[in-house]
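FYI, it's all coordinate maths here, none of it is from the lab. If you're wondering where the values come from, they're calculated on a predicted model, not measured in any experiment. Every residue, glycine among them, receives a Cβ derived from its backbone with ideal geometry; neighbour counts consider all protein chains shown.
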Amino acid sequence: MDVRSQISMLFHLDKCIGCHTCSIACKNIWTDREGTEYMWWNNVETKPGTGFPTQWEDQSKYKGGWESDGETLKIKSTGKGRIVPNIFHNPNLPSLDDYYEPWTYKYSDLFNAPEGDDQPTAIPVSKITGQPIDVKAGPNWDDDLGGSKIYAANDPNAKKLSPEQQMQMTAIERLVFFYLPRICNHCLNPTCVAACPSGALYKRGEDGIVLLNQERCRGWRACVSACPYKKTYFNWVTGKSEKCILCFPRLESGQAPACFHSCVGRIRYLGNVLYDADLLTEIAKRPDSELVEAQREMILDPHDPAVIAAARKNGIHEAVIESAQRSPVYKFVKVWKIALPPHVEFRTFPMLFYVPPLLPVMSTKVDGRLDNQTAGLFAEIDQARAPMAYLANLFSAGNEGKLRYALKKQMAVRISRRQATVGDISKETADRALAEADCTREEADEIYRLTALATEDERFVIPPFQREMAIEMVEDPQEWKQSAGFGFRTSPQAKRL
Amino acid sequence: MNDFVLFGVLPYVATVIFLVVTIQRYRQRKFTYSSLSSQFLENRQHFFGSVPFHYGLLVVLAVHFLALVAPDWVLWWNSDPVRLWAGELIVLAFAVLTLVGLVNIALRRAIHPLARRVTSAGDWVVYALLLLQVASGIGIATLHGWGSAWFATSATPWLWSLARMAPDVSYIAPLPWIVKFHFVNAFLLIGFFPFTRLVHVLVMPNQYLWRRTQVVVWNWDRSRIRRVDGA
């Protein structure tokens, strides 16, 4: 057992209001530089929709992630053998057209235009060439356009559905959409790392954050095509790739990443989990339908004495183990099993999990009144506007059982809360719902608490990074005293007296 | 005298600049050690420039290198006219491939607005020098045939005399002007090399082929942490 600690994340989609505050927080801190304007390390997509970059989920187009025949595990784009002939031209590189050409407006025209009969206008100009451009698409162009023939109908998850189900999703009065906020998943088996010819990408051992060493990156762009979530981006000014760093400078000082911190709906949770890295290669070759369970298998119980002993033996600090025991992500994913990884069939094992949304349901009527008492307590799940198969394509590699379990449990929690607070549902009905959803009353109360009432400290359980200890062991903390000041990127030669 | 400056001094100047700046840039400005790709901004034409250019150039350079280190073998190969013809034509074909790729690259950089945006003055110097080099090389191959034969008996001993620090330019004195131009331009390329995008040649990711698939970097020295904890 090779126990490691991994910072993992959880987004509760039922709480996301699609306000994009997270995207803006991230953009203002990290990607407002030239060359990064088009990058959205954090973005919020409307689903069903085509996403960003357009149709990123369609790996027949982008060739991201891994492929396995049960025996071998290969990078879909360019692995070791294929990088040599393809080094001069990356055959699977998305181009700017798949994202969008960044632009601004020529605001000066508003002030400098000569007097005339018409109001002056600020025309859009490209942020790359400075020339006027005809804006055809931009980030989030399909915001809130659930049901649209251009966007929702071209969602790669919907394309796998039967024509009937597809019709259902775009039919008037059955339209549905929800939001899918996305950041780098800091995967357990990251394809970007495996594909980088220069070895610039790496997983940080202590916390599993995937980072990209700018000094080592030579701009071969292999990571951009390899990442199935398209969360590594090519900076066209520096010629290097960049990606979400999970705000590690904030994490190291005990603060949640900016997108987490700014989340208005408080949908985001963060905590570390312990996992067994030894299982990775075997588990990554399992069939698609088993992958959700396989990933849960890899995540270890931090209360198990054997796991704790193995973690200690591996140099994981007591405080980090303790933090894993309080991790909200561990509860949602492994204990309650109501959170699922996005597109686990890409086999990178994303460590960002989603609580799938209980979509607007078609209500049932009995005698002209809303029915909430009859036998089919969970009928609403099957009658949800988005077909179960659609959500299963997104969150459980097509395994509807895992998805139904997560939704049923959430519904049972709702029913039990309704019984407790509104009182129009009998205790027997609530108990039956809980039993059917494999949920106890204590568990339901706990899910309710962590979903609806959790404080910041409960949502973000950040393990101490103890960089001060780590650094003291390899470096003398006094070494640079009085030599390098604030703001130098390369330290000047220290003058020793 | 002129010959001595061009073929006895310039090579050393170029080589020294190459070595000093290459090392200095790697040590102090490692971040800049690559070639700014524009494939992301323009994906289609990129293929028709970059791929033929690189593959053509690799073969042409390999043959030059062969003539330098194994001139006897090259002369033996040429002793059969069929082999001589075949060799000359194949290498010429790759040289033409290089030229076609290079012209495509330069045109694309000049015409496509996004690609032009990321093309620097240094890039244009590189393209100009390379164009002259490849064009003069093809000119030599067509005007003064059997280059593989006379290269081995003139340029190779000259280059080796340079390597022995005893430059003897008499080997190449009788060669036509276009050949001499090819030599001078080659050393100009070497001299400009460390200042330009060409440095990407030196950071070819060869270690990728035998490294472990996943890369994990530890900030902590795990064994020492263990000792401190007493676990």
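List the aspartates and glutamates whose Cα lies under 14 Å from the Cα of A:Lys136, skipping any in the same chain that are fewer than 8 positions away.
By straight Cα distance, A:Lys136 reaches A:Asp97, A:Asp98, A:Glu101.
Find the Cα radius of gyration of the stretch B:2-229, compare it with 2.2 N^0.38 Å by division, and give the number to two decimals. Before the final figure, lay out the partial values.
On the way: Rg = 21.5 Å, N = 228, 2.2 N^0.38 = 17.3 Å.
Taking the Cα Rg and dividing by 2.2 N^0.38 Å, one obtains 1.24.
So what is the calculated 222 nm ellipticity per residue for the protein assembly as shown, using -39500 (n - 2.57) for each DSSP H run with n of 4 or more, over all residues, to the nearest 500 deg cm²/dmol?
Details: 31 runs with 295 residues, N = 728.
Value at 222 nm, helices only, nearest 500: -11500 deg cm²/dmol.
With labels modelled as points extended 7 Å from the Cα through the Cβ direction, what inter-label distance (nm, one decimal) is found for A:Glu67 paired with A:Thr455?
It works out to 5.2 nm between the two label points.
Taking beta carbons within 10 Å but only from partner chains, what does the mean come to for residues A:314-320?
Values: counts 4, 12, 6, 5, 2, 0, 0.
That works out to 4 on average.
Between A:Arg312 and A:Ile172, what length comes free when the chain is fully extended (0.36 nm per residue of separation minus the Cα-Cα distance, one decimal in nm)?
Fully extending the segment from A:Arg312 to A:Ile172 adds 44.6 nm.
Set the Förster radius R0 to 41 Å, insert the Cβ-Cβ distance between B:Ala62 and A:Ile29 as r into 1/(1 + (r/R0)^6), and round the FRET efficiency to 0.05.
Efficiency, rounded to the nearest 0.05: 0.25.
How high is the FRET efficiency from A:Glu322 to B:Thr32, r the C-beta distance, R0 51 Å, rounded to 0.05?
0.70
Taking 0.36 nm per residue of separation and subtracting the Cα-Cα distance, what length does fully extending A:Asp445 through A:Ser162 add?
That works out to 98.1 nm of additional length.
Rounded, prolate or oblate: pick one for chain A, where a ≥ b ≥ c are the square roots of the eigenvalues of its C-alpha gyration tensor, a/c under 1.5 means rounded, and failing that, prolate if a/b is larger than b/c, else oblate.
Oblate shape, in that a/c is at least 1.5 and b/c is the bigger or equal ratio.
Taking 25 Å as R0, compute the FRET efficiency from the Cβ-Cβ separation of A:Asp438 and A:Asp144 and round it to 0.05. All intermediate terms of the calculation are to be shown ahead of the outcome.
Values: r = 35 Å, r/R0 = 1.39.
It comes out at approximately 0.10.
Name the residues whose placed amide hydrogens come within less than 5 Å of the amide hydrogen of A:Lys127, ignoring near sequence neighbours (fewer than 5 apart) on the same chain.
Excluding prolines and chain starts, which carry no amide H, the hits are A:Trp103, A:Thr104.
Under the classification rounded if a/c is under 1.5, otherwise prolate if a/b is larger than b/c and oblate if not, where does the stretch B:62-192 fall, given a ≥ b ≥ c as square roots of the Cα gyration tensor eigenvalues?
Judged from the Cα gyration tensor, the stretch B:62-192 comes out oblate (a/c at least 1.5, b/c at or above a/b).
Counting Lys and Arg as +1 and Asp and Glu as -1, what is the net charge of the other residues whose Cβ lies under 11 Å from the Cβ of A:Ser95?
Net charge around A:Ser95: -2.
Can you list the HN-Hα couplings for the stretch B:188-202, worked out from phi with the Karplus curve (6.51, -1.76, 1.60; θ = phi - 60°), rounded to whole Hz and with x for Gly and Pro?
Here the 3J(HN,Hα) series is 4, 4, 5, x, 7, 2, x, 8, 10, 5, 4, 4, 4, 4, 7 Hz.
Report, as an integer, the average count of C-beta atoms from other chains found within 10 Å of each Cβ along A:92-104.
Average per residue, whole number: 2.
Within a 10 angstrom radius of each residue's Cβ in A:198-208, how many Cβ atoms of other chains show up on average? Whole number is fine.
4
Short version: ³J(HN,Hα) in whole Hz for each residue of the stretch B:52-60, in order, from phi by Karplus 6.51 cos²θ - 1.76 cosθ + 1.60 (θ = phi - 60°), x for Gly and Pro, what are they?
Karplus-based 3J(HN,Hα) across the stretch B:52-60 equals x, 4, 5, 5, x, 5, 4, 5, 4 Hz.
Would you kindly derive the ³J(HN,Hα) couplings of the stretch A:283-288 from the backbone phi angles with the Karplus curve 6.51 cos²θ - 1.76 cosθ + 1.60 (θ = phi - 60°), listing them in order in whole Hz, with x for Gly and Pro?
After applying 6.51 cos²θ - 1.76 cosθ + 1.60, I find 5, 5, 9, 5, x, 3 Hz.
When DSSP assigns beta bridges and you keep just the ones with both residues in the protein assembly as shown, what percent turn out antiparallel, to the nearest 5?
Of those bridges, close to 80 percent are antiparallel.
Run the quick spin-label model on B:Val82 and B:Thr213: label points 7 Å from Cα toward the beta carbon, then report their separation in nm to one decimal.
4.8
Compute the Cα gyration tensor for the stretch A:105-252, then decide on rounded, prolate or oblate, letting a ≥ b ≥ c be the square roots of its eigenvalues: rounded whenever a/c is under 1.5, prolate when a/b is larger than b/c in the other cases, and oblate in all that remain.
On the way: a/c = 2.48, a/b = 1.17, b/c = 2.13.
Oblate, because a/c is 1.5 or more while a/b does not exceed b/c.
Go through A:Lys47/A:Lys230; A:Lys76/B:Lys30; A:Lys331/A:Lys409; A:Lys231/A:Lys402; A:Lys61/A:Lys231; A:Lys106/A:Lys231 and tell me which ones have a Cα-Cα distance over 24 Å in this structure. Please list the in-between numbers first.
Values: A:Lys47/A:Lys230 17 Å; A:Lys76/B:Lys30 30 Å; A:Lys331/A:Lys409 14 Å; A:Lys231/A:Lys402 26 Å; A:Lys61/A:Lys231 16 Å; A:Lys106/A:Lys231 30 Å.
Checking Cα-Cα distances, A:Lys76/B:Lys30; A:Lys231/A:Lys402; A:Lys106/A:Lys231 exceed 24 Å.
Show the residues, 5+ positions off or on another chain, whose built amide H is closer than 5 Å to the amide H of A:Thr232.
Here nothing satisfies the definition.
Please list the non-local residues whose amide H lies under 5 Å from the amide H of A:Phe353, H modeled 1.01 Å from N, same-chain partners needing a gap of 5 or more.
A:Met9, A:Leu10, A:Phe11
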